[in-house]
1. Given the alpha-carbon gyration tensor of the range 29-75, what are the semi-axes of its equivalent ellipsoid in whole angstrom, ordered largest first, with each equal to the square root of 5 times an eigenvalue?
2. With every protein chain in place, what's the accessible area of Y32 (1.4 Å probe, Å², nearest 10)?
3. What does the extension gain come out to for R211 and D103, with contour length at 0.36 nm per residue minus their alpha carbon separation?
4. Given a Förster distance of 25 Å, report the FRET efficiency between L174 and I132 from their Cβ-Cβ distance, rounded to the nearest 0.05.
5. Hey, if we sort R88, R34 by accessible area with the 1.4 Å probe, largest down, what's the order?
6. Please list 45-52, 130-137, 159-166 highest first by mean number of surrounding beta-carbon atoms within 10 Å per residue.
7. Rounded to the nearest 0.05, what FRET efficiency do E29 and V87 have when you use their Cβ-Cβ distance and R0 = 22 Å?
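The values are calculated or read from the model by the stated rules, or taken from the named source; none is laboratory data. Fair warning: this is a prediction, and the values are worked out from it, not measured in the lab. Because the Cβ atoms are built from the backbone with ideal geometry, glycine has one as well, and the counts that use them run over all protein chains shown. For accessibility, only protein heavy atoms count, side chains too; no ligands or nucleic acids. Shrake-Rupley method; radii C 1.70, N 1.55, O 1.52, S 1.80 Å.
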Amino acid sequence: MSKSATTTTNNNGKTNKVGTGDGNSKSDEPIYSRYPVLSSWEFVLSNTKDPVSGMVYCTDEASQTIILIPSALSAQQQSSLTLTTEVRILNANCIVKSTKLGDPNPSDVESMSFPVTPIHKKALEDRERRAIRQAEEVFRHINAKVTPEGQDVFDRLLKACGEVSWKDESIIVLNQIQVDPPYGPDNCKILAASNGKQLLGSGSAQEGLDRVRKIVSDSRKG
């Protein structure tokens, strides 16, 4: 058996008709009209024993919800709600009794009426393109064919040297040094140019090789 609709009288002498508490509202009046923003109310709900009171921060017709904030908040606090503010979300269809405690204060209404920041489509599109490029860059650095140890060596070399790429299962560092599986210090070698000569002078090449070997060695220890 469904509960009958409840009527209640507010402090202004107006009688409000509210929901039945069984999930069906008996009023065709929109909730933003029944419960204006910044008006204060005490609600009795079908699913709680204790009354719920607060100031209406906003309402949503689609979900039939009412957002309440503590009535004691100042106008400045109301206009800059943070995640630490106590917020209650109520389903209007669960209200079996409502008592109006106060009307909106004109100064509070004015403080809450701030313009919505315009949305710049071009800025959003640029942000989306940057996010896609970053994601593609991350995927390029992942090699599904190699072992986790090999991927870890790659990531460490990328962080230290900046320019690192995959060639099959081998790691190419700065287009000068190659690290082959199983990615130990002894698997590092200096690349040769197409004419068979080293890409760098013997001194520079050896210094780069020593640095890569140290990074590889440290990664295996970690």
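1. Whole-Å semi-axes of the equivalent ellipsoid: 16, 16, 8.
2. 140 Å²
3. This chain segment gains 31.6 nm when fully extended.
4. Between L174 and I132 the formula returns 0.40.
5. The residues order as R88, R34, largest area first.
6. 159-166, 45-52, 130-137
7. So the FRET efficiency works out to roughly 0.35.
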